[in-house]
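Working notes, beginning with the structure itself.
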Amino acid sequence: MTQGPYHPVPPSARRRGGLAELVSAYLRDLILTGALKPGTKIDQDAVCARLEVSRSPIREALVVLGQEGLLDVRPRRGAYVAQLTPEDILDHYELYGVVSGRAAAIAADKLGSADLEELHVIHENFVAGAETVELQSLNDAFHRILNSAVPRRTRWLLRHLLRSVPTEYYEFIDGWDSRALEHHAAILRAVRDRDAAAARVAMEAHLHESGIAAVAALRGRGYWGADDD
């Protein structure tokens, strides 16, 4: 089995349905965490071996990732990691922040007392500290409750934008848990105060800082050469 960047499948990818979606999630995380750098050709045989799938779902996944702008798919030559720039990464987080900020503002207006209490409990568990996987789970639950207040189409858009954010964020960015804790505290405070404007600002700031941290992490892993700085 080929080693190198094709590491074990992340738990988040295993949970998703459909082989093509499994492959998409797996490769997407490798790209977005810098394990596969711009210009790298996707080794389809290595992916087949690692995920124990046939070529068919891999071909489907390559088309999807090409449409997302993460791969350059070249007929008869294969698929290569796209030349993403720091601005590409930052812009995605900014757009995600705008929609998430809208969701936080709606949550401040509409979340019921039970949901607010659950947000508080999740935050307290985060404060108490946990293993990395648990932190990711708590983070997902925190945002899921906030997003539950928005209309169905907005939830779809949030899920679509979330796909291009590394799933194992707390492993990808060292020390992010302490910064996320401060951000979540500000969001929770605004939502509990029913201050929609403050909730929006706090969430947009959270995703803005997330984007900056992601770019710094990728740069630290040598994702870009000196010409891209």
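Could you give the alpha-carbon Rg of the range 54-153 over 2.2 N^0.38 Å, rounded to two decimals? Could you put the intermediate results ahead of the total?
Working: Rg = 18.9 Å, N = 100, 2.2 N^0.38 = 12.7 Å.
Rg over 2.2 N^0.38 Å, computed on Cα atoms: 1.49.
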Working out 0.36 nm times the residue gap between ARG55 and SER178, then minus their Cα-Cα distance, what length gain in nm do you get to one decimal?
40.1 nm
Quick check on the range 120-229: what are the equivalent-ellipsoid semi-axes from the Cα gyration tensor, as sqrt(5λ), descending, whole Å?
25, 17, 14
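In whole percent, and with a 1.4 Å probe on the protein chains, what portion of the accessible area of the range 40-151 is carbon and sulfur? Could you put the intermediate results ahead of the total?
Working: 2770 of 5650 Å².
For the range 40-151, the apolar C and S fraction of the accessible surface comes to 49 percent.
Any idea what the dipole of the chain comes to, in debye rounded to 20, about its Cα centre with Lys/Arg Cβ at +1 and Asp/Glu Cβ at -1?
On the way: 27 positive and 32 negative charges, 202 e Å.
So the magnitude is around 960 debye.
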Debye log10 I(q)/I(0) for the chain, one point scatterer per Cα, at q = 0.16 Å⁻¹:
-1.14
Hey, got the dipole for the range 112-229? About the Cα centre, +1 on K and R Cβ, -1 on D and E Cβ, debye to the nearest 20?
660 debye
Say we join alpha carbon atoms closer than 10 Å with springs in a Gaussian network model of the chain; which of LEU62, LEU90, LEU51 then has the biggest fluctuation?
LEU51
Let me see the P(r) profile for the range 112-156: every Cα-Cα distance counted, bins of 10 Å, each bin given as a percent of all pairs.
27, 47, 23, 3
accessible surface per residue for the range 76-164, probe 1.4 Å, DNA/RNA/ligands not counted, whole Å² -> 55 Å²
With charges only on Cβ, +1 for K and R and -1 for D and E, what is the dipole size of the range 40-144 about its Cα centre, in debye, rounded to 20?
760 debye
Please work out the Cα center distance from the range 24-46 to the range 157-223, rounded to the nearest Å.
23 Å
Suppose each label sits 7 Å from its Cα in the direction of the beta carbon; what would the ASP43-GLU124 distance come out to in nanometres?
4.9 nm
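For a protection proxy built on the mean count of beta-carbon atoms within 10 angstrom, sort 174-181, 100-107 highest first, please. Don't skip to the end; give the middle numbers.
Working: 174-181: 14.5, 100-107: 24.2.
Packing order, densest peptide first, comes out as 100-107, 174-181.
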Total charge of the residues flanking VAL99 in space, meaning their Cβ is under 14 Å from its Cβ, with Lys and Arg +1 and Asp and Glu -1, is +4
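The values are calculated or read from the model by the stated rules, or taken from the named source; none is laboratory data. Just so it is clear, the model here is predicted, and its values are computed rather than measured. Cβ atoms come from the backbone with ideal geometry, glycine included; neighbour counts cover every protein chain shown. What goes into the accessible areas is simple: the full protein's heavy atoms, side chains included, and nothing from ligands, DNA or RNA. Shrake-Rupley method; radii C 1.70, N 1.55, O 1.52, S 1.80 Å.
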